[in-house]
Every structure is written in C-alpha cells, then in structure tokens.
Amino acid sequence: MVYEKSTRGFNEFASNQRTLSVRERQVLLLVNGVRNLDDLNKFFKQEQLLDTIKKLESEGYIQRPQDQQAQQAMPVDSHASTITLSLLEAADQATPICPAKLTAVKNILIEATDDYLGMMGRAIKTKIENCENETSLRQCISSWHMAMRESKLGRESASFLMEQIHQTLEGNIIDATSSTQPQH
C-alpha cells in the first residue's frame, strides 16, 4: 500500500510548530506517494511502522493516493459495482487545479530546483515540468521537498518555499499578484 502526504502532512514540515514525535516525522518525511509499506519497512520495524502509519492516516497527515482509493473500493457484487462506478465518475468530475496555480507552483519548484539542487535535481525537474494535474503536482512537491531537505543548499530555504507553495495553492499569492490596486 502506498501513501502520500496530505496538506496537513506538508504543513507539519512547513511550519515551525511541531505536533508529531521524531519517529512520526521520520515516517511522514519518507511517505512520498511512491514508496509502499515494504519500502518503508526497510527503515523501521514493521510493528512500529504500522502503528505510526495508522496514526498518521487517522489524524490526516497522510492519505492514500486517489487512484489507490478507487481501486480499494472495487466491489465484488454488481450492486456495489454501480456505486463504485458512480464514485469514480464523481472523482473524474472533480474540479481540476487552476492552470495559473499549477504554473505558479511549477515555476517555484523549477526555480528552486535549479538554484539549490543543480544536476542532482534533473530528474525531479523533468517530473515537475511534465506534471499536469493536482495529483502529479503533489507527488512532485513531495519528491522535491525531500530532495531540498536532504541538500546542503536547499535545507534552509525548503520551509520558506513550502509555505510559498501552500499560499499559492490556496490562492493568496496569485490573487495578490493579479490585483489591480497600485503598489505604494
């Protein structure tokens, strides 16, 4: 099973206020929407890992990726099948991320990757350039954030940039830059 950070999970690293224990933060840091529980098991004892994963999921720090949630909901009988199909159709009709927000976040990620990760960030940069929806963007943000935290140059700027990304996704920065009020 694969998990990804939720907004609350990203905020745990973006804010200076810590709400999780060291072990919980370590697990949260390694959850990136790609690693499965077997991969995480290499870093932690299985029993401790499962307890921590359950806690992080129940408290809203991590979630299953949307496509995995849909697969897990697949039914056995035909009545449940129609319910699942309607859920899947509803998920497809969800409003996509605003193109301006997507572009703004991608620009922040790409510039920081160029500035702080250099050649080591080439794969991440390509992944960022190719993302087209909110799910792939969140996976890119997770990979990028981990790389920034691990780099000497990017470590200090990671939290600030993460906050900037969250503000952009919430619309605060985009609205401020598109405002027609004169600047004094």
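The table below gives the values:
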read-out	value
Pick from segment 52-64, criterion of a type in the set (K, R) and over 14 Å from the mean Cα position of the chain (by Cα), ranking: most open to solvent (accessible area, probe 1.4 Å)	K54
Residues (open to solvent by 50 Å² or more (accessible area, probe 1.4 Å) and under 12 Å from F13 (Cα atoms)) located in segment 131-155	R149, R155
Residues of segment 49-63 classified as farther than 13 Å from L30 by Cβ and in contact with a helix residue (DSSP H, G or I) (Cβ under 9 Å, 6 or more places away or on another chain), total	5
Tally of residues being modelled with pLDDT of 85 or more, more than 19 Å from K5 (Cα to Cα) and of a type in the set (A, V, I, L, M, F, W, C) across segment 109-155	4
Some residue of segment 66-83 being among the β-branched types (V, I, T), out of contact with any His (no Cβ under 9 Å at 6 or more places or on another chain) and at pLDDT 85 or above	no
Selection from segment 156-171 of residues that are open to solvent by less than 50 Å² (accessible area, probe 1.4 Å) and either modelled with pLDDT under 80 or within 17 Å of the chain's Cα centre (by Cα) (or both)	A158, S159, L161, M162, I165, H166, T168, L169, G171
Number of the exception - L49 against (1) open to solvent by less than 40 Å² (accessible area, probe 1.4 Å); (2) farther than 24 Å from S159 by Cα; (3) at pLDDT below 85	(3)
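The values are calculated or read from the model by the stated rules, or taken from the named source; none is laboratory data. Remember, predicted model here, so these are calculated numbers, not experimental data. Neighbour counts are summed over all protein chains in view; Cβ atoms, including those assigned to glycine, are modelled from backbone coordinates with ideal geometry. Just the protein is used for accessible areas: all its heavy atoms, side chains included, with ligands, DNA and RNA removed. Shrake-Rupley method; radii C 1.70, N 1.55, O 1.52, S 1.80 Å.
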